[in-house]
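Coordinate-derived values only; no laboratory data. Keep in mind the model is a prediction, meaning the values are calculated, not measured. A quick note on method: Cβ atoms are made from the backbone with ideal geometry, for glycine too, and the neighbour counts reach across all protein chains shown.
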Amino acid sequence: MQASVATTLDTDAIQPPVNSRGKVVIASLIGTAIEFFDFYIYATAAVIVFPHIFFPQGDPTAATLQSLATFAIAFVARPIGSALFGHFGDRVGRKVTLVASLLTMGVSTVLIGLLPGYETIGIFAPLLLALARFGQGLGLGGEWGGAALLATENAPAHKRALYGSFPQLGAPIGFFFANGTFLLLSWLLSEEQFMTWGWRVPFILSAALVIIGLYVRVSLHETPVFARIAQAGKQVKIPLGTLLTKHLRATVLGTFIMLATYTLFYIMTVYSMTFSTAAVPHGLGFSRNSVLWMLMMAVIGFGVMVPVSGYLADIYGRRKCMLVITSLILVFALFIFPPLLGSGNQGLVMAYLLIGLSLMGLTFGPMGALLPELFPTEVRYTGASFSYNVASILGASVAPYIATWLQANYGLFWVGVYLATMAAITLIAVFCTRETRHQSL
């Protein structure tokens, strides 16, 4: 009897503390929302502000392409951030690494808001901008994987995709408020005030959001899945090395599974804003405020579809849902994208944005569970983050640049072909991936 009681007490003593479901949802959502807000205010500013502030004036197209090049730097930094933060996430724990990634992103974003322009410090202006953008990429490279693991490693087995969709909601929420902030400033300030100092406000104010996010995350317990690995001393010494030697196939498949998602989103947002606000005949000639407003409305479809697709992925499986969704993206790219965006009619362009961003929500929702489920616990942070962020180089970093070049030289149809090609690659990767819905973490 005494032995039985002692065994029970020992078992209870080693049970890791569990986070409440509400705290998991809030902590995984608020952190990614802040990180994506920081990331997207740069994307918006890279189109409408930075070409005029941080680069020599002359050829506006050249200045825009230079600005988009600094935008792409963060995507090069993201895999480095995933390897760096993934190492500590798999060695030390999810909680402390999530705090560090959020802090890295926050400091970099505030610094962008404080940088002097090209007229003040010359060539150092774009160099410092690129350095701060690199810091943003490092932070986001470590953020997403940790937030996805926080959600899925605390989730009931039959609701992992739904829980994994909560950090995914940070993307549309962050995008909505990023564009909304710029839209509000455009309404309240004159053009001169906005270009002189108004654009800096969202970058500097993000410091307050980061403090709130840090407060929420510091109060978390470690995920029970990682806590058990830590108690057993089963962490690997070099997670990235283990990942690339023992789990290379899963890493490659995870990377290409994310390819269509990234390409779709950055064509729908950064490229669409660039094309829509460019003067006729190189673009549609829409006003900046009207495009920001349309994107804000369309991103609601993105946000609604994220939990819907997470719910469906729990019912029908990740693989089946992604095969259907990716096929729809391919159809959209070839038959809906060129005529609607190229119409020049604001109603049809709005329909294009709503359809495309709703498809984005459908393809993005299951990723919070699908990518972590491809990897074992001891390399899960590194594996999910690395796949997610290497895909950002292949899909997101170059998408606005390639789309702008294709449209300028060959027309909108070939931008659609480019998106369809990325969707086809993702379709093949999903087809080659096993179903992970019933897999234990």
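Remarks
- Acute angle (nearest 10 degrees) that the helix 399-409 long axis makes with the longest principal axis of the chain, alpha-carbon atoms: 30 degrees
- Net length gained if the chain between A208 and Q231 were fully extended (0.36 nm per residue, minus Cα distance): 4.7 nm
- Degrees, to the nearest 10: 21-48 long Cα axis against longest axis of the chain: 20 degrees
- Multiplying the residue separation of T120 and V107 by 0.36 nm and removing their Cα-Cα distance gives an extension gain of 2.4 nm.
- Highest-fluctuation residue, Q136, Q235, Q168 considered, GNM on the chain with Cα pairs under 10 Å: Q235
- Calculated from backbone phi, Karplus (6.51, -1.76, 1.60) coupling profile of the stretch 83-98 in Hz, x at Gly/Pro: 5, 5, 6, x, 4, 6, x, 8, 9, 9, x, 6, 4, 5, 5, 5
- Principal axis extents of the Cα atoms in the stretch 290-439, from largest to smallest and rounded to whole angstrom, are 50, 29, 24.
- When exposed loop sites are taken as trypsin sites (Lys or Arg not before Pro) in a DSSP loop with at most 12 other Cβ atoms within 10 Å, the longest stretch of the chain clear of them is 1-233.
- In the chain, the longest principal axis of the Cα atoms and the axis of helix 170-188 are about 30 degrees apart.
- Residue of L357, L115, L127 that the Gaussian network model of the chain assigns the largest fluctuation, springs spanning Cα pairs under 10 Å: L127
- D38, D90, D314 arranged by Cβ crowding within 10 Å, fewest neighbours leading: D314, D38, D90
- Approximating the spin labels as points 7 Å out from Cα along Cα→Cβ, the V331-to-V252 distance works out to 3.1 nm.
- Share of Cα-Cα pairs in the stretch 20-431 lying beyond 39 Å, as whole percent: 13 percent
- GNM on the chain, alpha-carbon springs under 10 angstrom: the most fluctuating residue among I329, I123, I257 is I123.
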